[in-house]
1. Please list Tyr471, Tyr502 from largest to smallest accessible area, probe radius 1.4 Å, with all protein chains kept in place.
2. Measure nothing but the geometry: give the 0 to 90° angle between the long axis through the Cα atoms of 101-121 and the longest principal axis through the Cα atoms of the chain, rounded to 10°.
3. Under 8 Å for C-alpha pairs, at least 6 residues apart: give me the relative contact order for the range 270-390, rounded to a whole percent.
4. Rounded to a whole number, what is D in µm²/s for the range 435-521 from Stokes-Einstein with the Kirkwood radius over alpha-carbon pairs (37 °C, 0.692 mPa s)?
5. Average projected area of the Cα convex hull of the range 157-210, in nm²?
6. Please give, to one decimal in nm, the separation of the simple spin-label points placed at Ala265 and Val522, each 7 Å out from Cα toward the Cβ.
7. May I ask you to list the chymotrypsin sites (Phe, Trp or Tyr not before Pro) in the range 243-311 that are in a DSSP loop and have at most 16 other Cβ atoms within 10 Å of their Cβ?
8. Suppose the chain between Met464 and Lys432 were pulled fully straight at 0.36 nm per residue; how much longer would it get relative to their current alpha carbon spacing?
Amino acid sequence: MVGFSMQPYGIQSMLKEGHRHLSGLDEAVLKNIEACKQLSQITRTSYGPNGMNKMVINHLDKLFVTNDAGTIVNELEVQHPAAKLLVLAAKAQQEEIGDGANLTISFAGELLQGAEELIRMGIHPSEIVTGYTKAINKTIELLEELLEEGSENMDVRNKDEVILRMRSAVASKQFGLEDILCPLIAEGCIQVCPKNPANFNVDNVRVAKLLGGGLLNCSIVQGMVLKSDAVGTIKKTEKAKVAVFVSGVDTTATETKGTVLIHSAEQLENYAKTEEAKVEELIKAVAESGAKVIVSGGSVGEMALHFCERYKLMVLKISSKFELRRFCRTTGAVAMLKLGQPNPDDLGHVDSVSVEEIGGARVTVVRNEEGGNSVSTVVLRGSTDSILDDLERAVDDGVNTYKAMCRDSRFVPGAAATEIELARRLKEFSFKETGLDQYAIAKFAESFEMIPNTLAENAGLNAMEIISSLYAEHASGNTKVGIDLEEGACKDVSIMNIWDLYVTKLFALKFAADAACTVLRVDQIIMAKPAGGPRRGQQPAGMDED
């Protein structure tokens, strides 16, 4: 008789071997909540101006030292499927607004922690989801009531108004430096702001990171800063026309192969001369069209360079095609495919192109101050690469905030004033509800306390005292009282000038609530056996995202 092997039964018989199946509250729901809480604990200590930095070393051995939650969760390769949902919510926030990723993750983690306590009390997850959904809808209504009056009409070209709204976003990344960075970022954004501000393109504010110097040496350039030297000896021109060639300035080998029979020495001499004459003719054509600067997307041949020098043409080489596109945008030139006489319409114009030495590195500064300037560059200086990277993130956040305020310029009190007020009003709302979801709404309201709590803890203050005094102030009608982190006391936000954009808060809370509800709706996890072979979705090392 053949050995009778144990036949699998139940769900095992249905699925392939090697799968994992988790179900029920303990295995699935609470495990998911646990993973999300872990993730939010990582980012929570980085929240706010006094947030700690994280050192993340990714799979390519690149080191990140940052307190920017968007970067942290991008570089941590989060494996757990539920925690991935929070990462996706944070990414959505980062894409949509560019700031507030940390708020999204920390708040979602806090909501899930509240949900866990409710589940342990015996409330069904679906009741919690209903309660949370009611609560987020109520929150959105309440947020509208907390808007600062008169904040909806804003002139996006007024530097002071821009800085007012940008400060808190930049301060959360670089506390203490916002007064230096904000005017730079604001100026850069205002320079490239189109006639209809809603069409503002974030890509038009570039960042050039140059080692050395200090933050006070940062500056803003109308135009571009290329991190390369000019080819050739001419290093400076002003008020010049520009010709851009994509394929490089060089004699090209012919497509077809040909054999040339040469009988005598004269023929050999003439043969070499014709090539020279041909190159000279091409360069001369460019010089005659009025161009003084040639920009090449590929290599610049020796002979071509010689003739460029002779005709006093300045030669720049930009090898990245994205940079080349931006250069064309800055100068208004049209990139041409092959070397030849350009049309007058295809030429761009620059005010000045000069090679400057900044901190030992030679950079080419292309300025275009008159006319439709469409690119501006913030030149950042700092002592180490990781400081520069972090400054760049602060600038990115500032620029993204500018884009958000171009669409919707309304703002709410910052420094946790809004959150305490929301917590207070939601608590009152929950008492009016009957049914089990009132507990969920109360928990949702409590979750808002996490924000002043975290801000105070990261600044080394006593969180309990601060939260209770905030509640006391708000109960007596001072709805704009927040935390002053430097003095460790509660103060009116309008004195401290800390405002948060309404859209940032709105989307962060919305995404957090959605992510938390999605995690709570899961009751079973069924994982197939992972396939062998290389992982999909991983790019080969060294590839660009584009």
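The values are calculated or read from the model by the stated rules, or taken from the named source; none is laboratory data. As the structure is a prediction and not an experimental result, all values here were calculated from the model. Here Cβ is always computed from backbone atoms with ideal geometry, including for glycine, and neighbour counts include all displayed protein chains. Accessible surface is based on the protein model in full, side chains and every heavy atom, while ligands, DNA and RNA are left aside. Shrake-Rupley method; radii C 1.70, N 1.55, O 1.52, S 1.80 Å.
1. Details: Tyr471 60, Tyr502 10 Å².
Result, largest first: Tyr471, Tyr502.
2. Rounded to the nearest ten degrees, it is 20.
3. On the way: 123 pairs, mean separation 23.1, N = 121.
Value for the range 270-390: 19 percent.
4. Numbers: Rh = 14.7 Å.
Stokes-Einstein gives a translational diffusion coefficient of 224 µm²/s.
5. Details: hull surface 16.5 nm².
About 4.1 nm², averaged over all directions.
6. Here the modelled spin labels are 8.4 nm apart.
7. Numbers: sites: Phe245, Tyr271, Phe307, Tyr311; in loops: Tyr311.
Taking the range 243-311 and a limit of 16 other Cβ atoms within 10 Å, the loop chymotrypsin sites (Phe, Trp or Tyr not before Pro) found are Tyr311.
8. Details: separation 32, 0.36 × 32 = 11.52 nm, distance 2.69 nm.
Value of the extension gain: 8.8 nm.
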